[in-house]
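Where a number appears in this text, it was derived from the coordinates with a stated rule and is not lab data. Note that the structure is a prediction, hence the values are computed from the model and not measured. As a convention, Cβ positions derive from the backbone with ideal geometry for all residues, glycine included, and neighbour counts pool all protein chains shown.
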C-alpha cells in the first residue's frame, strides 16, 4: 500500500524544482495532486506527466502573495475533492544580492510577500479546511537560511527565518486539532533558481559545493522525500519541527 493512498495533496510552486519533485513524489505515493503556481506551462506539464503515469492531478493558477487567489485555491480544492489532507507550501523566490543597507524597499517587499506572507496566507486558508476534517499535515519550505545567516541576502534570510518561526507558532496552536505543521530547510539544491545563479556566475558551483560536507549540492528529489515523509502517518508524532536536509551544512 502506498503511503498517501486516497489523500489530496496541494503543492504551491509546483511547476519546477523542489515543488515539481514533490508533486511527482506525492503522486507516486498515491495522492491526488493539486498544483498551484503562477507559471502555467510547467505546471500543466507536471499534470500531464502525473496523469500519464496513472495518477490524478489538477492545476490552479495562483499567486500566493494575493489573499483572494489563495482563498479561491483552497475553496476550489475543497469543492473539487471534498477535502485537503496534505499541503506543501513551497512557492518562493530568491532575489538579488545586496547588503542590508543597500537592499531596496521594493526588493524587500517582493521577497517577504511571496516567501513569508505567501506561506501565512496558505496556512490561513488551509487550516480552516483541515479543522473541518479534523486532520491534516502541512509542510512549509524554509531553508538553511532560516536557521543561520548569510551575507547580502537580508530579505531572503529574514523571510526564511520567519517561515521557521511561523511554522512553530502554528504547530503549537493546532497540535490538539489533528493538524501537524512542519518545515523543511534545504541546503543549496539543484533547482532552476540555482542553475540561473551558476549560469551567471560559474564560480558559484564550486562555492556551493564546498558549503556542504557531503561534497555536492542537494537534488530536488531528496527534499521531496522528506516532505512526503512529514506528510505521512510515519511522522505522526512530528510537529513544529524544522527538518534540515542539507548535506551537513548547518552542522558545520
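With neighbours defined as other Cβ atoms within 10 Å of a residue's Cβ, the residues 172, 249, 121 order from fewest to most as 172, 249, 121.
Annotation: peptides 72-79, 85-92, ranked by per-residue average of other Cβ atoms within 10 Å with the highest first, follow the order 85-92, 72-79. Take each peptide in 184-193, 59-68, 203-212, count the other Cβ atoms within 10 Å of every residue, and average; sorted highest first, the result is 184-193, 59-68, 203-212. For 151, 216, the sequence from fewest to most other C-beta atoms within 10 Å is 151, 216.
Cα centroids of segment 209-252 and segment 135-190: 12 Å apart. Relative contact order for segment 184-242: 41 percent, from Cα pairs under 8 Å spaced at least 6 residues apart, divided by residue count.
Please say if segment 127-252 is rounded, prolate or oblate, where rounded means a/c under 1.5 for a ≥ b ≥ c the square roots of the C-alpha gyration tensor eigenvalues, and otherwise the choice is prolate for a/b larger than b/c and oblate otherwise? It is prolate, given that a/c is not under 1.5 and a/b is the larger ratio. Short-range pairs are left out: with C-alpha atoms under 8 Å and at least six residues apart, the relative contact order of segment 96-209 is 30 percent. Structural descriptor for the chain: relative contact order 19 percent, calculated from alpha carbon pairs under 8 angstrom and at least 6 residues apart.
Helix-only arithmetic for the chain: the sum of -39500 (n - 2.57) across DSSP H runs with n ≥ 4, divided by the residue total, places the mean residue ellipticity at 222 nm at -14000 deg cm²/dmol.
The stretch between residue 49 and residue 204 holds 52.6 nm of extra length on full extension. This uses 0.36 nm per residue minus the Cα-Cα distance.
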